[in-house]
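Encoded as structure tokens, the structure appears first; notes follow it.
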Amino acid sequence: MNELVRSLPSPTLSGIYLPGLDTYRGWLFKWTNYLKGYQRRWFVLSNGLLSYYRTQAEMAHTCRGTIPMATAHIEVGDTCHLVLTSGGRSYHLKATSDGECQRWVSVLQQAKANATQLMHHSDDSGDEGPVPQEDRALTQGVLKTLASKLDDLSTCNELIGKHGAALQRSLTELEELRGSTDSTDKLKAVNERATLFRITSNAMINACRDFLDVAETHSRRWQKALQYEREQRHHLEETIEQLAKQHNSLERAWRENPSTYTGVERTQEGDASDENEDAEFFDAMEDSPAFITVTASDHIQHKRSGSNQSMMSGGMPNDWTHNENDSADTNHTQLRRTRRSRIPDKPNYSLNLWSIMKNCIGKELSKIPMPVNFNEPLSMLQRLTEDLEYSELLDRAARCDSSLEQMCLVAAFSVSSYSTTVHRTAKPFNPLLGETYELDRLEEYGYRSISEQVSHHPPAAAHHVASERGWTLWQEITIDSKFRGKYISIMPLGYIHLQFHSSGNHYVWSKVTSTVHNIIVGKLWIDQSGDIEIVNYVTKDTCHLKFSPYSYFSREVPRKVTGVVEDREGTAHYILSGTWDDKMESAKIVDSSQGCGGSEGKQKTVYQTRPPKLLWKKYPLPDNAENMHFFSSLALTLNEPEEGVAPTDSRLRPDQRLMEAGLWDEANAQKQRLEERQRLERKKREAQASQALEEGQDIEGYQPLWFEKRTDDATGESTYVYRGGYWEAKERQDWSQCPEIF
């Protein structure tokens, strides 16, 4: 709602605009650009100036722009639209209703009239105040007039010189002919030349007087314009200095406690989603029964009492919800003590991404030649391994007796793999064919991981993890990525399999689409969107997770994830909620009922739940993470050199190693060498295949070293699975089978 703080004085009563007596404020939508369209801004009209801010909170420190109403032209457009033009710039604004638009037009026109009256009243000379657009045309006219007068002066100067010289010659001749009969004629000629000289001199004097008059007439206006520009420059310098101080202060505060500032921009938006702490509401999910959840009465009591122990008790076994955070923190601390905790700072190289990407619209991202400037010093195999950042969730799930509770933890694990991507807009290195990566964390976390690049076009990687704590995970992921001009879409294809040893429960799910925005202009940012369907092929339990795409106009929490866990009959048992960059919670359903109609005629189901329980919480980033590619504690250790790894391991890749060390020029040279070598190897294999085909021999394509194709019993699809032998080869240090790829 707009707020009229003080009524505008009527011009018939006051006659002039008095500063400080009127203020009008409210929300309007302002056109920004073709990428973002109309954006919601907080407008404040005060003292003849219309200022706008991103949020109401910004009024205390940051103004995004100011429009002087005295020089503004107001034009009413289509429904709810108005256009303000000032200083050669147009501002396209949109109100929420016709009535709202009309109120804004009225107060803006009144403010313009008052500001114009004030300008005339305050200038006793009758000169107008600084009006940039009008002054520009007027100044151009004056300059043309002065230039014309200068041309006249120049012409007069030439004529004076010419006639003066002629007069001098005539006087000399007259002196020589004194007493002669021709003296009368010569005297007449001298008089004529003297007359011309006098006329030319008078013209010169008049031109000088005109030039002086024009200069004096406009000198006061120019002085005022100059003073106005000086004040504007001083104001701009003060604003820039203030912004620089605020930037340094925020950066320093963020470094001291980065977790406090997560989502601070959204908080300033005045999001009202947290107004009611005693109830949680979830949007209807596509392709599933729409639902809303409300907490039971005991939830409200627990909320008011603030008892964390009460909130964590009941509804689920203690194994699942209690004391696990302590062990997770212990593991996390142990990781940071025993492994490296920093890498060299990222160099500040400037390179225009658009200059490279503009010719690649519609192409697959893996086929675009990119310098290392847009990479991070990790390969795609290492990024896959990063999914194990929160492996303790699977350790906890392995101890669950209930498959539904186990499903909740598996869902939290699937969401947690995206938490490290929120600031990671750089591209990982495309692995070379046959490249591998191992991660041995038996001592710390009880698992060992091995991955291999099994195909180059399309790029595909196979991954296998075996844990001594009761679970095995494997996956084959093919990356399908497209550059769309304004954004890049990364679509992982394939399935992730997870099997628990004691129960035999076999879970299968896939990944959502990742999108990198603002490729052309603005700051790069990443979003995750889409649905994940997790299926337990043993019990037929399912979990449907929805990753809501970010929308500036949405009042929802950014990066929101919601889900519902159902048994084989389709009965809902748990509601999941949270964000993919922070945490996930589960709430056990105790009752359900049919609510009012939802969108598209669907009937919403209202679930009554117990208090939510924390399933997963993101670890804070290490100190100085912003200068280390925003790597997590695990990511910082992934490229740490280790002895005894295979010669095809990503840690040994020279371009990636040089980039991590900050030697980007050398890294680019090595990257080109490796890519050229890979192209030659591919041509060699193609030539061998063609020769075998001509000779009628069986054609056998590239075969990975540690993985082989099998038909999956659960999905019925052919996928790469671990054939074994890697860890045994490492123990013997027998790498004779490994190709030389680096």
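The values are calculated or read from the model by the stated rules, or taken from the named source; none is laboratory data. No experiment lies behind these values; they were computed from the predicted model shown. Cβ coordinates were reconstructed from backbone atoms using ideal geometry, including for glycine residues, and neighbour counts include every protein chain displayed. Surface accessibility is based on the protein's heavy atoms, side chains included, excluding ligands, DNA and RNA. Shrake-Rupley method; radii C 1.70, N 1.55, O 1.52, S 1.80 Å.
Quick rundown of the values:
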{"quantity": "Single condition Ser51 does not satisfy, out of (1) at pLDDT 85 or above; (2) of a type in the set (Ser, Thr, Tyr); (3) farther than 26 Å from Ile240 by Cβ", "calculated": "(3)"}
{"quantity": "Residue within region 539-551 that is open to solvent by 60 Å² or more (accessible area, probe 1.4 Å), on the phi < 0 side of the Ramachandran plot and among the acidic types (Asp, Glu) present", "calculated": "no"}
{"quantity": "Neighbours by Cβ (under 7 Å, 6+ apart or cross-chain): first from region 684-709, free of Cβ contacts under 8 Å to residues at least 60 places away in the same chain and open to solvent by less than 100 Å² (accessible area, probe 1.4 Å); second of a type in the set (Phe, Trp, Tyr) and part of a loop (DSSP other than H, G, I, E, B)", "calculated": "Arg685/Tyr702"}
{"quantity": "Residue count, region 78-100 (criterion: of a type in the set (Ser, Thr, Tyr), open to solvent by 50 Å² or more (accessible area, probe 1.4 Å) and more than 30 Å from the chain's Cα centre (by Cα))", "calculated": "1"}
{"quantity": "Test: residue in region 436-443 that is acidic (Asp, Glu), in a loop (DSSP other than H, G, I, E, B) and at pLDDT 90 or above", "calculated": "no"}
{"quantity": "Verdict on Thr66 being of a type in the set (Ser, Thr, Tyr) and either open to solvent by 60 Å² or more (accessible area, probe 1.4 Å) or modelled with pLDDT under 85 (or both)", "calculated": "yes"}
{"quantity": "Neighbours by Cβ (under 8 Å, 6+ apart or cross-chain): first from region 183-211, without any contact (Cβ under 8 Å) to a residue 12 or more places away in the chain; second in a helix (DSSP H, G or I) and surrounded by 14 or more Cβ atoms within 10 Å (Cβ to Cβ)", "calculated": "Ser183/Leu174"}
{"quantity": "Members of region 512-534 found to be under 18 Å from Ser417 (Cβ atoms) and either surrounded by 19 or more Cβ atoms within 10 Å (Cβ to Cβ) or at pLDDT below 85 (or both), listed by number", "calculated": "Val512, Ser514, Thr515, Val516, Ile526, Asp527, Gln528, Ile532, Ile534"}
{"quantity": "Residues that are closer than 22 Å to Leu621 by Cβ, at pLDDT 95 or above and among the β-branched types (Val, Ile, Thr), drawn from region 401-435", "calculated": "Val415"}
{"quantity": "Near pairs, Cβ below 7 angstrom, 6+ apart or cross-chain, from region 494-514 (among the basic types (Lys, Arg)) to any residue that is open to solvent by 10 Å² or more (accessible area, probe 1.4 Å)", "calculated": "Lys511/Pro492"}
{"quantity": "Qualifying positions in region 546-575 - over 24 Å from the mean Cα position of the chain (by Cα) and touching a residue at least 12 places away in the same chain (Cβ under 8 Å)", "calculated": "Gly563, Val564, Val565, Glu566, Asp567, Arg568, Ala572, His573, Tyr574, Ile575"}
{"quantity": "Identity of the residue in region 690-738, at pLDDT 80 or above and in a helix (DSSP H, G or I), that ends up farthest from Tyr507 (Cα to Cα)", "calculated": "Arg732"}
{"quantity": "Residue check for Glu58: closer than 30 Å to Leu250 by Cα, touching a residue at least 40 places away in the same chain (Cβ under 8 Å) and among the charged types (D, E, K, R)", "calculated": "yes"}
{"quantity": "Test: Val214 is within 21 Å of Thr145 (Cβ to Cβ) and either of a type in the set (Val, Ile, Thr) or in contact with an Asp or Glu (Cβ under 6 Å, 6 or more places away or on another chain) (or both)", "calculated": "yes"}
{"quantity": "Condition met for Gly578 (touching a residue at least 24 places away in the same chain (Cβ under 8 Å), more than 28 Å from Arg396 (Cα to Cα) and not in a helix (DSSP H, G or I))", "calculated": "no"}
{"quantity": "Matching residues in region 561-575 - criterion: being of a type in the set (D, E, K, R) and either closer than 18 Å to Phe413 by Cα or assigned to a strand (DSSP E or B) (or both)", "calculated": "Glu566"}
{"quantity": "Any chance Leu674 is open to solvent by 50 Å² or more (accessible area, probe 1.4 Å) and assigned to a helix (DSSP H, G or I)", "calculated": "no"}
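Conditions (1) under 20 Å from Ser514 (Cβ atoms); (2) free of Cβ contacts under 8 Å to residues at least 24 places away in the same chain, marked per residue:
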site: Glu376; (1), (2): yes, no
site: Glu392; (1), (2): no, no
site: Asp395; (1), (2): no, no
site: Ala398; (1), (2): no, no
site: Ala411; (1), (2): yes, no
site: Ser414; (1), (2): yes, no
site: Trp471; (1), (2): no, no
site: Thr478; (1), (2): yes, yes
